[in-house]
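Report on the following structure.
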Amino acid sequence: MKKILRPILCGGVLAALLCTPSLAAEQGDFSLLVNGEPVTFTDAAPVLKDGRSFLPAVTTFQALGFAQEDIVWDGETQTVTASKDGAAISLTVGDSAVTWTGPSWSQASEDGTSGSAGGSGGIAYLDTAPYIDPATNRTYIPVGLVADILGCRVAWDGETSTVIIDDVDTILAENTETYELMDQYLDYARKYSQGNYQVEGSYLLTSAPGEMESGVEIIHTVGGDYSLISSQTAMQLDLGVSIGGTIMGAPISPTDMDLDMRADLDTGMLYLYFQSEDLEQLMNNNVQINGETIEFQIPDQWYSLDMKAVYDEAYGPGFYEELIALSAVSQEASFAQTLEELLKSDTLTLTSTATTSDYSEALNQLLGDSHFQKSGSTYTSTLEQDGVTILFHLYTSGGQVNGYGLEMTIADTEGTALALTAEMRDSKMEMLMDFQMPGELSMTMEIDGAYQRTSTAPTTEPPAGATVVDLMDALTGDIAPAPEPEAA
């Protein structure tokens, strides 16, 4: 089975996503995947109608795990009722109301928006009603909305014209993998994410463009020291930046600057501040307009960025809150519980090539106990597919995890390659990345650091009285030159 690897970082747990190949559409307007498996239609085809995907009722309920004998049609009231595991759902032709009884499913309000439903039954409302197709005499139901009421994850893949329905509880019930090693890893990782920790270290980024027509060799470097204070919900980073390099082996005079970053993960607000006398001097010495040197001055101000708004704009309302909730779960729950919350969340996008079953399989292959091989005191899992190789190491001492390592390489047929290694043992961390694009770009990055507990909490806002400017507004505006001095 061919797969494609995609790395995912969510809730503090590194995972890999494996994807199945695209599916050809079944006969009809679209195809259907339920729990990662294609559904075949025999006597009635899928239909797109009024902007909704409709499926024949019997086939739909059977695909969702209802037995044929538990699907009943009442011709007098034109109502179809399906029962399973002590629960029942009833839909009537031409009526947007859906009646359900039994275990609490998701309930939709009368305007069609979803909300949780407790108790033992109720009425949910669809924004489009079931109907009977006169050509086939089959009852059609809006499959996505009905599946949502049943508590399934539902998605539409426009590229392959596929409806995806995943009953995550069923998928989890069929998962027999264990995660004792990952539970030990979470115990180790939580020591450095709960309470206040300070990380001090250094970094260096080196890059060089491909061969230039002039033959001039240029190497750029960006590096310095950093100090990071972090907690579960906040971060404060002080970064020293030195920009330099060489031209044909001759060193370039470095430009130094200071960068401060502060973040409140609960609110999603990020603040940035930087200053550099070297950069001001460099710009003032080299920038001319119409033959006149322009005097620049970096404003003494902070820049704000609403990360919650950025995420919600890109992925939909509530996405950022789901990320924070997943992070909180990973701080308290077992890995199996964290995995359940992850698979049920909307942070994992469903497509015809990436269903919940694919995510679950990928996580199992990389993080499940049965996929780790022991060598001495190190456990290693390996994943190799489509030019991507991932090795995940768990280091142990005294029967407990005391560190981890990650090795990932990606290569294509044209020679572009990425190699990443990251390792943390006890309280010391280091990372190395190497990226090569033959003839165009060569880049490496090195980072190291050491964790130590601190009584100092991270500062999440700019100093009192500081000028704060929205970063997006600043990026779309022009840099204004410093005002001319007043005449004496």
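The values are calculated or read from the model by the stated rules, or taken from the named source; none is laboratory data. From a predicted model like this one, the values you see are computed outputs, not experimental measurements. As a convention, Cβ positions derive from the backbone with ideal geometry for all residues, glycine included, and neighbour counts pool all protein chains shown. Protein only, heavy atoms only, side chains kept; ligands, DNA and RNA dropped before computing areas. Shrake-Rupley method; radii C 1.70, N 1.55, O 1.52, S 1.80 Å.
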Q: Taking only segment 412-426 into account, find how many residues are among the hydroxyl-bearing types (Ser, Thr, Tyr) and within 26 Å of the chain's Cα centre (by Cα).
A: 2
(Q) For a quick check of your reading of the model, give me the residue pairs whose first member lies in segment 70-82 and is among the aromatic types (Phe, Trp, Tyr), whose second is part of a strand (DSSP E or B), with beta-carbon atoms closer than 6 Å and at least 6 apart or on different chains. (A) Trp73/Val80
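Which one of Ala88, Ala24 is modelled with pLDDT under 80, over 14 Å from Gly144 (Cα atoms), out of contact with any helix residue (DSSP H, G or I) (no Cβ under 7 Å at 6 or more places or on another chain) and not basic (Lys, Arg)? Before the answer, list the steps.
On the way: Ala88 fails: modelled with pLDDT under 80.
Unique residue meeting the criteria: Ala24.
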Q | Met433 closer than 30 Å to Tyr271 by Cα and at pLDDT 95 or above | A | yes
Q. When only residues in segment 410-425 that are assigned to a strand (DSSP E or B) and among the β-branched types (Val, Ile, Thr) count, which is nearest to His393 (Cα to Cα)?
A. Thr421
Q: Give Glu341, Glu313, Glu361 a once-over and let me know the one that is open to solvent by 20 Å² or more (accessible area, probe 1.4 Å), over 19 Å from Val168 (Cα atoms) and assigned to a helix (DSSP H, G or I).
A: Glu313
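For segment 433-455, how many residues are open to solvent by less than 70 Å² (accessible area, probe 1.4 Å) and either under 29 Å from the mean Cα position of the chain (by Cα) or within 29 Å of Asp306 (Cα to Cα) (or both)?
Narrowing segment 433-455 to residues open to solvent by less than 70 Å² (accessible area, probe 1.4 Å): 433-437, 439, 441-445, 447-451, 454.
Now narrow it down to the ones that are either under 29 Å from the mean Cα position of the chain (by Cα) or within 29 Å of Asp306 (Cα to Cα) (or both): 433-437, 441-445, 447-451, 454.
Adding up the residues that qualify gives 16.
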Q. Any idea which residue in segment 225-239 is most open to solvent (accessible area, probe 1.4 Å), counting only those that are part of a strand (DSSP E or B) and out of contact with any Phe, Trp or Tyr (no Cβ under 7 Å at 6 or more places or on another chain)?
A. Asp225
Q) Does segment 390-427 hold any residues that are crowded, with 16+ Cβ neighbours inside 10 Å, among the β-branched types (Val, Ile, Thr) and farther than 25 Å from Glu200 by Cα, and which are they? A) Ile390, Thr409, Ile410
Q: Could you please give the count of residues in segment 151-166 that are part of a loop (DSSP other than H, G, I, E, B), of a type outside the set (Val, Ile, Thr) and open to solvent by less than 30 Å² (accessible area, probe 1.4 Å)?
A: 1
Q | Pick from segment 44-76, criterion part of a strand (DSSP E or B) and among the aliphatic types (A, V, I, L, M), ranking: least open to solvent (accessible area, probe 1.4 Å) | A | Leu55
Q: Could you please find all residues in segment 151-169 being small (Gly, Ala, Ser) and on the phi < 0 side of the Ramachandran plot?
A: Ala155, Gly158
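Whether any residue in segment 417-427 is over 30 Å from Ile298 (Cα atoms) and of a type in the set (Val, Ile, Thr) is what I want to check.
Taking segment 417-427 and keeping what is over 30 Å from Ile298 (Cα atoms), we get 417-427.
Next, only the ones that are of a type in the set (Val, Ile, Thr) stay: 421.
Looking through segment 417-427, at least one residue is over 30 Å from Ile298 (Cα atoms) and of a type in the set (Val, Ile, Thr).
Answer yes or no as to whether Leu366 is closer than 27 Å to Tyr192 by Cα, part of a strand (DSSP E or B) and in contact (Cβ under 8 Å) with a residue 40 or more places away in the chain. Give the steps one after another, and end with the answer.
Details: closer than 27 Å to Tyr192 by Cα: yes; part of a strand (DSSP E or B): no; in contact (Cβ under 8 Å) with a residue 40 or more places away in the chain: yes.
So Leu366 does not fit the description; no.
For Glu430, state whether it is touching a residue at least 12 places away in the same chain (Cβ under 8 Å), open to solvent by 70 Å² or more (accessible area, probe 1.4 Å) and farther than 30 Å from Gln452 by Cα. Show your work before the answer.
On the way: touching a residue at least 12 places away in the same chain (Cβ under 8 Å): yes; open to solvent by 70 Å² or more (accessible area, probe 1.4 Å): yes; farther than 30 Å from Gln452 by Cα: no.
It is false that Glu430 is touching a residue at least 12 places away in the same chain (Cβ under 8 Å), open to solvent by 70 Å² or more (accessible area, probe 1.4 Å) and farther than 30 Å from Gln452 by Cα.
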